[in-house]
């Protein structure tokens, strides 16, 4: 075979190769244009869906995934924005700031395929998060059933993040935007509903409330792991490692416990008796216990949806590490703000309520120290605030029924602090203390037109201590618009005071012209019952 023939054969092979590549590219193009699976190429997160409310007066992110390099166009409210998906297939655009608009509009996303999002309005969007007291639904609260029956508010839209779907226990979207009706509010947070409704009726604009709550959760599960890698919080990560090692053995043991309980329960029912409840799932098997678990499943999928702010009601399950919570909560807040990249958005912290039996003497309980950690976070974290519930809890019910007053207090804080209405955001807040011989003078901010007591009596629930750190009930008197003097005949040289610091203080009565209660506080920094627990 001469060299010319060999060269011709190689030329033919090259032509065939290019022809194959050309046919393949044409086939791929036809597939992209006409095959039903092409609709899968442009995708968006579940929170971007029919009925959503977009935050007014800010740049609004719209984001998703597509083929790398795919051209994306987003059209809404006379705006058209374009971008290209990056090398990993991610894309994001920002709509220009818009005024509130209650007229439902269509938002269209165009790539290889088109996505039409219907009934989109512009208004105010708030996130409500935490554990069981935020999760508590209307039917489990005071007058809940009658409230549900009349809950038709088309300008209030609800997005209920599904715990089952987000953790993969059921199939379905993370949630869906629904106008407020008796059907959609039935499984929604009572506190978040009362807040959202009050806000919508005051501002007269569409309001969207995203409820992402998980009963029995701990704050470290809501926090990205990288933010926990500091000495004070690293033990949270160490627990993950321990649970991971235990999981297989614990699973076998727990399965056996359930089998034994099933046999026992069957016998009890056959005998006409009610069996004891089934064994609780061990912590090592709870998928919402490890650090970052809830953040990854329920918060990260929402980011960077534009929000006005967040309310956080959690702390019950961190009670036994109250001291650590003083570090953990500010770190968690920072992690959310960093990842949302919206700056220091408003962060309302709901303080734990009065709970457990009244005690005659001053207490030094972990519950009160957790409350104080929440107060400290509200005082020191920029653009944060405290919603006080010291008077609406129940001694023997951690899930107290009065979520209406809670929602209204959330609303009042937002109305004052965020929307700048001329109303007080809360009751009085402790500012500083000054020792004056045998007395201590406490100064307050948020005093309004002046400190007062709700019952017209002298201030009560103060305790005072000297250098021996022994607490005694104290007398107190309002001496001017924003100061109270505190003393006790049992403490000649006082160095610290506390107010309403018992788990369930008896009638704390300090208020201002708002009528709302003053926040519990302490002036000491002495180690509490959870000192060193991590």
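The values are calculated or read from the model by the stated rules, or taken from the named source; none is laboratory data. Because the structure is predicted, anything quoted here is derived from the model rather than measured. Don't worry about glycine lacking a Cβ; one is built from the backbone with ideal geometry, like all the others, and counts go over all protein chains shown.
Pick from segment 96-120 the residues that are without any contact (Cβ under 8 Å) to a residue 60 or more places away in the chain and part of a loop (DSSP other than H, G, I, E, B): which of them is farthest from residue 306 (Cα to Cα)? Here the residue is 99. Looking only at segment 252-295, residues that are part of a helix (DSSP H, G or I) and touching a residue at least 60 places away in the same chain (Cβ under 8 Å) come to 3 in all.
Residues in segment 53-95 that are more than 16 Å from residue 113 (Cβ to Cβ), in a loop (DSSP other than H, G, I, E, B) and touching a strand residue (DSSP E or B) at 6+ places or on another chain (Cβ under 8 Å): 56, 59, 77.
Which ranges mark the strands (runs of 3 or more DSSP E) fully within segment 461-534 that have 1 or more residues being surrounded by fewer than 23 Cβ atoms within 10 Å (Cβ to Cβ)? Talk me through it step by step, then tell me what you get.
Numbers: elements: 462-465, 471-473, 475-480, 483-487, 496-499.
Qualifying strands (runs of 3 or more DSSP E): 471-473, 475-480, 483-487, 496-499.
I'd like to know if segment 30-42 contains one or more residues that are within 29 Å of the chain's Cα centre (by Cα) and modelled with pLDDT of 95 or more. Checked segment 30-42: no residue is within 29 Å of the chain's Cα centre (by Cα) and modelled with pLDDT of 95 or more.
Of all the numbered requirements in (1) out of contact with any helix residue (DSSP H, G or I) (no Cβ under 9 Å at 6 or more places or on another chain); (2) modelled with pLDDT under 95, residue 168 misses one, and that requirement is (1).
Search segment 347-360 for residues being surrounded by fewer than 19 Cβ atoms within 10 Å (Cβ to Cβ) and touching a residue at least 12 places away in the same chain (Cβ under 8 Å), and hand back the single one that is nearest to residue 321 (Cα to Cα). Don't jump to the end; show me each part of the working.
Start the filter on segment 347-360 by keeping residues that are surrounded by fewer than 19 Cβ atoms within 10 Å (Cβ to Cβ), which leaves 356-360.
Adding the requirement that they be touching a residue at least 12 places away in the same chain (Cβ under 8 Å) leaves 356-359.
Numbers: 356: 18, 357: 21, 358: 23, 359: 22 Å.
The selected residue is 356.
For the subset of segment 390-435 comprising residues that are part of a helix (DSSP H, G or I) and free of Cβ contacts under 8 Å to residues at least 40 places away in the same chain, which member is surrounded by the fewest Cβ atoms within 10 Å (Cβ to Cβ)?
Pass one, segment 390-435, residues part of a helix (DSSP H, G or I): 403-418.
So of that shortlist, the ones also free of Cβ contacts under 8 Å to residues at least 40 places away in the same chain come out as 405, 416.
Details: 405: 16, 416: 18.
Within segment 390-435, the match that is surrounded by the fewest Cβ atoms within 10 Å (Cβ to Cβ) is 405.
Flag: residue 173 does not match the condition of being within 29 Å of residue 145 (Cβ to Cβ) and touching a strand residue (DSSP E or B) at 6+ places or on another chain (Cβ under 8 Å). Across segment 228-274, the number of residues qualifying as within 14 Å of residue 293 (Cβ to Cβ), surrounded by 15 or more Cβ atoms within 10 Å (Cβ to Cβ) and in contact with a helix residue (DSSP H, G or I) (Cβ under 6 Å, 6 or more places away or on another chain) comes to 4. Filtering segment 296-319 down to residues that are assigned to a loop (DSSP other than H, G, I, E, B) and out of contact with any strand residue (DSSP E or B) (no Cβ under 6 Å at 6 or more places or on another chain), which residue is surrounded by the most Cβ atoms within 10 Å (Cβ to Cβ)? Result: 315. Does residue 165 fit the bill of being touching a strand residue (DSSP E or B) at 6+ places or on another chain (Cβ under 9 Å) and surrounded by fewer than 18 Cβ atoms within 10 Å (Cβ to Cβ)? So residue 165 fails the test. Specify which of the listed residues (198, 191) is surrounded by 17 or more Cβ atoms within 10 Å (Cβ to Cβ) and within 13 Å of the chain's Cα centre (by Cα). Being surrounded by 17 or more Cβ atoms within 10 Å (Cβ to Cβ) and within 13 Å of the chain's Cα centre (by Cα) holds for just one of 198, 191, which is 191.
Is there a residue being within 23 Å of the chain's Cα centre (by Cα), assigned to a helix (DSSP H, G or I), farther than 26 Å from residue 303 by Cβ and modelled with pLDDT of 95 or more anywhere in segment 234-251? The answer is yes, given that some residue of segment 234-251 is within 23 Å of the chain's Cα centre (by Cα), assigned to a helix (DSSP H, G or I), farther than 26 Å from residue 303 by Cβ and modelled with pLDDT of 95 or more. Residue-level analysis places residue 154 among those that are outside any loop (DSSP other than H, G, I, E, B) and farther than 21 Å from residue 406 by Cα.
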